[in-house]
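S.K.: Pasting in a structure now, in C-alpha cells, and then I'll have a few things to ask.
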Amino acid sequence: MNITPEQLEQIISNLLVPNTEVISQATQTIVQLLKHPEIIMPMMNILVNHPRPELRQITGVLLRKKISVVWAKLTPEIQEQIENALLQIINTESIKIISITVAQIIIVIGKLTIPIGKWPALLNQVLQWTQSQNEIQKEVGFGLIIELAQYYLRLGTPQLMNGLFQLVGNTLTTCSSFKIRVLAVRILGSLYDFVDNPKDLAPYEQVIPLVVNLLKECHQKECDEEFSEIIDVMSDIVEGFCNIPEFDVITQRITSPIAALCIEAAKSKEVSPIIRQASLLFLNTFVCDELEYCIKNGIIPPMVELLLSILSEYNPLDPTDEESPHRIYAGQVLSNMAEIIPSSDFFPLFWQIASQFVNNPLPGVSCALLMAISSMTYTCPISIDEVGDVLSPFILQALQNQDVTVRGAALKCIGDLGESGVTFVFINCVQYLKALVFMTKDPVSSIQSAAYFDIHLMIEKLSMKEIEPVAGDILSTCLNCITTTSDFDTRDAALSALSATVFIVGNKILPFAQTLLQISHKMITAEVHEDIDILQRGRGLELLACIAKAIGKEQFRPYLNDCVEIVKALISIQHSFEYELRQFAYMALVDLFSVYGSELAPLIPGIIEKVIHSFQCEDDYVDKKDNELEISSEEEDDEEEERLSFYSGLLLEKSSAVTLVSKMFETVPLEMEQYVPSLLTFINQMCVDERTEVAESACEALWTVLYVPLAKEKLYIPFGQNPYGSNFVKNINEDSIAKVHLNISNMSESLSKIYNEVINTYLIVCDQAVDRDVVIMCLNKLIDIFTLLGRVGAAACSQQLSQLLIKILTQQTQSQVINAGQDSQEIHEAESDLLATASDVIMIMFKLFGQSMSDYFVQIFQILSSIVQKRNNSITKATSIGIIAEFFNFTHTCPECISEPALTLFLNCISNKNEDVSRNAVYGLGILVTILASTPKKQIAINASQQALQLIAQLLPTIKRRGLIDNFISCVCRILMIEGIPFQPQAILPQLLNFLPIISDHEEEQIVYSTFAHFYSTIPELQQQKPALVEVFKKALTVEGVYDTTKQLLQQYLM
C-alpha cells in the first residue's frame, strides 16, 4: 500500500465535500484502503493530531466501522499503542463529538479484547470517568459501562456487579445531572441477565423508588425520549425475570410501582403521546409476562377500560391526531391482551365495557369501538362473530356517519373482519358489498379507495354464487371509476377490485369483455405525466391477464400476441418503478402460462434470462445512496461488501419471479428440465435469504420443481397435454386422475436426487430461519409434497422431520428462540400459526404411518400435555389437544402408558372456557373411550365416559357455538355405541334431539345419525318417539352443509 499521509488526509477530506461524485470516489478508495491493516496507524495519527475537528470525527467513524475486521491482524505493540491513544484522547479532549466517536471505537475494541482478558487498564479507567467532574468524561464513562458491563460480568466478577448497583444508587441519589441519572438507570438493563437467585434482586428493590422519582421528573420536564429509555429498561427487566417462577413475587414487588406510575401516565391527557405510548409499552410487557398476577389483582378490567378510553379520545377535527402513537399502540395492547387471555375469558369482559359504546353518537366513541374490534379480529374472531347481531348493524350504520374518521374506521374494521374470516361478514356478504359499492361514491377520495380495497379483499374469499347478486354493480362501479377518476390511489384500488372480480366471475364477463379489453389497452398506452402513473400500465396488464383466465384461451387468442409484447416491454423497461412493473409482468405470465401452457414454450429462454437477472439483482440506486450516507452512519456495518436491498419494489420483483418459475415448473415441466440445475441453485439460496418476503416466496415455489422429474416419468401430465383440461397426476398403477403414490423401488434416480435436495433445504430452513412465517411456509410445502407423493415422500425424511417437530413443540428452533423483529402481538400470532402448521404435519405422519408412530407419540405426549397445562395461549392449547385426539383417530390404538393421562387431560379440558380447547377434548375423549372399550382398560373407559356425560349434560345448554354442540353430541353417540356400556340411551338421546340436525365432518355425521337410527329402532321407549326423529331426518335433508353421502344414509333410514 503506497500512500502518503497527505494523500490519505485528502481522501478523507473528500468525504466531507458537498459533491456526490467526489464523495463516491473517495468512498470507493477508502473502502479499498481499509482492507490493509497498515492504514490504521496513519488514520490514528489523524484522529489524535489533526487540527480540523470534522476530519478527526469522520476518521474516527471510519476506524470504528473497520477496526474490528483488521484488529487481529495488528501486532500486540500496535494494539497497545491504539488502546493507550484512545484512552488519552478521552482524558484530554474538550470537543464532545470527538469523545463520543472515540468511545464508540473503544466499545468495538472492548468487545474483542475483554472476553479474552486483554486491555486490563480499560475497566479502571472507565470507572474513574464515571466519577469525573468533567461532564464529557462522565457521560462517556457511563455510556461505556452500559455497553461493556455484560462482557466483564461474563468473566465472573461478582464484586463488579455489587459495585455497579452501588454506582447506580449513588448516582440517582447524589448526581445533579439529569442526563447522567438516565444513563445510570440504563446500566440496570445490562445487569438482569446475571441475576442467579432471588437474593440478587435486593439491589433492584433499593433503586426502584429512585427510578420512579426519575420517571416523574421526566414527566414534569416533558423529556419524552428519556422517559421512553427508562421504560425500555424496566420492560427488559420484567421480561428477563418472568421465566423464573421463584422470582415472581419479588419481581412483582419491584415492578408494580412502575406499573402504577405508567397507568397514571397513560390516563392523563396532559401528558405527551410519546410518554403515554411508553407507559403502554411497559403495561403491555407487564400484563404479558405477569399475567397471573394481573388477573388475581384485578388489573385487567381497569386496563381494558383505560385502553378503550384512550381510543375514544379520537379528535376527528385534528388531522394529526389520527396518528397519535399512544392511540395506535393502545389498540395493539388490546389485541395482545385478547391473545394471551383466552378469548372466552377476555371478550366478555371487553364487550361488557365496549357494548356501551354502540349507541353513543360521539364520533370519538364510535371510532374507539371500531378500532378496538379491528385490533381483535385475529385473536377473537369467533367471539366477535357471536355479537355480530349487535356489531353488524353498528358497523353498517358507521359507514353512513357524517364524520369522515368514523367512516374510515368502519372501512378498516370491515377489512380486518374480512381478512380474519369473521363469519357474519360473509353470511351477509351481499349486504356488505352493496354498502361498499355505495361507499365508492363518497366525496372523500381516501374513503373511496378504502371501499374498493375492502371489495377486493372480500371478493377474494367469496365464490361466484355468493357475489352474483352484486357482481354487475361491482363491475360497472369499478369500470366507471377507472374511466372517470383522476385520483391515483382510488383508481388503483378500483383496478385491483376489478381484476379480482373478473377472476371470480369467469366467463360470465363475456358481455363486458370488449369494454374491459379497451380499458386494459387504455391503461397500458396512457400517457405518463408523473413517474407513478406508469404503474397503471402494470394494473392494465394485470387486468388483461385476468381477462385471459376468465374468458379462456380461444376467446382471448386474438389478444395474446399483443399481451405478450406488452409483457416483454415491461420486463425490459428502465424506470424508477421498473421493479414494480416487472412484478406485474411476471404475474401476468403466471396467468398466461396457466391458460396456454406449452404454447408459450418459445418464450421460456428469454424469460429464464430475465428471472435469473431478477434473482441476482439488488437495488443499485438505493445501494449507492446508502453508501454515500454510510460514512456518517452510526450503525455497525458487516464485513460483506455486497449489500442486500430491502426496497419493497425489488422484493416484489424477486417474489413474483420465483412464483413465475414455480408456475412454469407446473405447466411446462419438460421444457424447463434443462434449466432446473441453475434455477434450483438460486431458489435454494433465496430460501435462506434474510428478507422474509424473498425467503417465503422461494420456499413456496421450491417443491414445484418435483413436477419436472414426475413429468419425465409420465406420472404428471400438465395442462395442454391431456384430455381433462387441467393439470393432473396419475397413479403409477392406474390410468386415472389421482395423487402420485410411489413405492421406493419406483422412485427414479432423477426424482430421488431432486427430492432429497428439496427436503434438505426445507428442513434446514425450518430449523435456522429467523422468521416463523418462513418456517410455516416450509411446513406447508412439506404437506404438499407428502400429499403428492404419499408415504414414500414422508418416509424418506421421517426421522429428521420427527426431531424438527419436537424442536418446534419445545420452542427451540431459531425463529422461536430469537423473536427477531417482532412485537409481542406478532410473536403470539406467529407462534400459534407455527404450532398449528406443525400439528398438520404431525397428523399427516399419523395418517401415513399409523400405529408405527406410537413410540413417537409417547415421546411428544408429555410435551403436548405441558403446553396445555402451562401456556396461556388458548390456540396452542387447542392445537395440542387436537394432535393427541387425531393420533387416536388415525391409529385406532393407545399406548398403555398414555391411556389414563390422556383421559384425565381430556376430562380436565372439556369444561375449558375456550370452546376450541373444549371441542378438541370432547372429540378426543369420544374416540379414546371407544378404543379402550375393547381392551383390559374398559372399566377405566366407562368411568371416564360417565364423567364426560355429566360434564356434557351441564355444559350443553350453555353452549352457543354450533360446531361445539355437534362435537358434544358426537361424543355422546360414540359412548352409547360401545358394547356393554351401562348407560341408558332412552334417558339421553331425547334430550339431544333438539340439537339436531348437525353439520360436521363426514364421519361425525354418520356416527350421530346412525346412533339415533339404531336406538330409535331397537329400544321400545324410543320407538314410540320415532316420528320426532323422522322430522329431524327430513329437516337434515334440506340443510345446506350436510354431506351428500349423509343425506343418502338418511334417505335409507326414512325408507
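The values are calculated or read from the model by the stated rules, or taken from the named source; none is laboratory data. Keep in mind that this is a model prediction, so the values were computed, not measured. Cβ placement follows ideal geometry from the backbone for every residue including glycine, while neighbour counts extend to all protein chains displayed.
S.K.: Kindly indicate the residue of the stretch 111-142 that is among the charged types (D, E, K, R) and out of contact with any helix residue (DSSP H, G or I) (no Cβ under 7 Å at 6 or more places or on another chain) and also nearest to Ile180 (Cα to Cα) among those meeting that condition.
M.R.: Glu135
S.K.: Something else now. The conditions are (1) assigned to a loop (DSSP other than H, G, I, E, B); (2) surrounded by fewer than 16 Cβ atoms within 10 Å (Cβ to Cβ); (3) not hydrophobic (A, V, I, L, M, F, W, C), and Asn912 fails exactly one of them. Which is it?
M.R.: (2)
S.K.: Condition check: assigned by the TED database to the domain that holds His36, closer than 29 Å to Val207 by Cβ and not in a helix (DSSP H, G or I). Does Ser99 satisfy that?
M.R.: In short, no.
Here is a yes/no grid of residues against (1) more than 24 Å from Ala711 (Cα to Cα); (2) at pLDDT below 90; (3) aliphatic (A, V, I, L, M):
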{"position": "Leu581", "(1), (2), (3)": "yes, yes, yes"}
{"position": "Tyr586", "(1), (2), (3)": "no, no, no"}
{"position": "Pro605", "(1), (2), (3)": "no, no, no"}
{"position": "Glu635", "(1), (2), (3)": "yes, yes, no"}
{"position": "Glu641", "(1), (2), (3)": "yes, yes, no"}
{"position": "Tyr647", "(1), (2), (3)": "yes, yes, no"}
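S.K.: Additional query: Looking at the stretch 1-27, I want the residues that are over 16 Å from His50 (Cβ atoms) and have a partner that is of a type in the set (D, E, K, R) and not in a loop (DSSP other than H, G, I, E, B) with Cβ atoms under 6 Å, at least 6 apart or on another chain. Which pairs are those?
M.R.: Taking only residues 6 or more apart or on different chains, the pairs are Met1/Glu38; Ile23/Glu628.
S.K.: State whether one or more residues within the stretch 161-175 are over 22 Å from Ile250 (Cα atoms) and either of a type in the set (Lys, Arg) or outside the structural domain of Val212 (by the TED database) (or both).
M.R.: No: zero hits.
S.K.: Scan (1) closer than 22 Å to Asp916 by Cβ; (2) crowded, with 21+ Cβ neighbours inside 10 Å for the single condition Ala953 breaks and write down its number.
M.R.: (2)
S.K.: Related question: How many residues does the stretch 863-891 contain that are touching a residue at least 40 places away in the same chain (Cβ under 8 Å) and outside any helix (DSSP H, G or I)?
M.R.: So the count comes out to 2.
S.K.: Do we find that Ile998 is part of a helix (DSSP H, G or I), within 27 Å of Asn914 (Cβ to Cβ) and among the aliphatic types (A, V, I, L, M) in this structure?
M.R.: No.
S.K.: Which condition breaks for Val17 when tested against (1) closer than 24 Å to Ile116 by Cα; (2) surrounded by fewer than 17 Cβ atoms within 10 Å (Cβ to Cβ)?
M.R.: (1)
S.K.: Shifting gears a bit: Considering each residue of the stretch 1-43, count those that are among the polar types (S, T, N, Q) and not in a helix (DSSP H, G or I), and give that number.
M.R.: Here the count works out to 3.
S.K.: Is it true that some residue in the stretch 139-152 is within 24 Å of Leu215 (Cα to Cα) and among the polar types (S, T, N, Q)?
M.R.: No, because not a single residue in the stretch 139-152 is within 24 Å of Leu215 (Cα to Cα) and among the polar types (S, T, N, Q).
S.K.: Identify the residue in the stretch 173-213 that is of a type in the set (Ser, Thr, Tyr) and assigned to a helix (DSSP H, G or I) and, among all such residues, is surrounded by the fewest Cβ atoms within 10 Å (Cβ to Cβ).
M.R.: Thr174
S.K.: Okay, moving on. Can you confirm whether Ser476 is part of a helix (DSSP H, G or I) and without any contact (Cβ under 8 Å) to a residue 24 or more places away in the chain?
M.R.: So Ser476 fits the description; yes.
S.K.: Moving to a separate point now. Going by the conditions given, is Leu160 in contact with a helix residue (DSSP H, G or I) (Cβ under 7 Å, 6 or more places away or on another chain), in contact (Cβ under 8 Å) with a residue 40 or more places away in the chain and surrounded by 14 or more Cβ atoms within 10 Å (Cβ to Cβ)?
M.R.: Spelling it out, it is not the case that Leu160 is in contact with a helix residue (DSSP H, G or I) (Cβ under 7 Å, 6 or more places away or on another chain), in contact (Cβ under 8 Å) with a residue 40 or more places away in the chain and surrounded by 14 or more Cβ atoms within 10 Å (Cβ to Cβ).
S.K.: Could you please find all residues in the stretch 426-471 being of a type in the set (Gly, Ala, Ser), under 24 Å from Pro511 (Cα atoms) and surrounded by 15 or more Cβ atoms within 10 Å (Cβ to Cβ)?
M.R.: Listed by number, the list holds a single entry, Ala471.
S.K.: Also: Do we find that Ile571 is within 30 Å of Asn684 (Cβ to Cβ) and surrounded by fewer than 21 Cβ atoms within 10 Å (Cβ to Cβ) in this structure?
M.R.: no
S.K.: Among the listed residues Leu976, Leu996, identify the single one that is on the phi < 0 side of the Ramachandran plot and free of Cβ contacts under 8 Å to residues at least 40 places away in the same chain.
M.R.: Answer to the check: Leu976.
S.K.: Answer yes or no as to whether Ile504 is aliphatic (A, V, I, L, M) and more than 30 Å from the chain's Cα centre (by Cα).
M.R.: Answer is no for this residue.
S.K.: Considering the stretch 389-411 alone, what residues qualify as being in a helix (DSSP H, G or I) and surrounded by fewer than 18 Cβ atoms within 10 Å (Cβ to Cβ)?
M.R.: Result: Asp389, Val390, Pro393, Leu396, Gln397, Val404.
S.K.: Here is a further query. Are there any pairs, at least 6 apart or on different chains, whose C-beta atoms fall under 6 Å, with the first in the stretch 923-938 and in a helix (DSSP H, G or I) and the second basic (Lys, Arg), and if so, which?
M.R.: Gly926/Arg974; Thr930/Arg974
S.K.: Give me a count of the residues in the stretch 1031-1055 that are aliphatic (A, V, I, L, M), surrounded by 14 or more Cβ atoms within 10 Å (Cβ to Cβ) and in a helix (DSSP H, G or I).
M.R.: Selection size over the stretch 1031-1055: 5.
S.K.: Another question, if that's okay. Only one of Val249, Val195 is without any contact (Cβ under 8 Å) to a residue 24 or more places away in the chain, over 25 Å from Trp129 (Cα atoms) and of a type in the set (Val, Ile, Thr); which?
M.R.: Residue meeting the stated conditions: Val249.
S.K.: Answer yes or no: is there a residue in the stretch 898-912 that is touching a Phe, Trp or Tyr at 6+ places or on another chain (Cβ under 6 Å) and aliphatic (A, V, I, L, M).
M.R.: yes
S.K.: So Thr515 clears everything in (1) under 21 Å from Thr659 (Cα atoms); (2) touching a residue at least 24 places away in the same chain (Cβ under 8 Å) except one condition, right? Which one?
M.R.: The one condition Thr515 does not meet is (1).
S.K.: Could I ask something else about it? Would you tally the residues in the stretch 929-986 being acidic (Asp, Glu) and in contact with a helix residue (DSSP H, G or I) (Cβ under 8 Å, 6 or more places away or on another chain)?
M.R.: Final tally of qualifying residues: 1.
S.K.: Let me ask something additional. I need the helices (runs of 4 or more DSSP H) fully contained in the stretch 787-856, keeping only those with at least 2 residues that are at pLDDT below 85.
M.R.: 791-795, 814-818, 824-849
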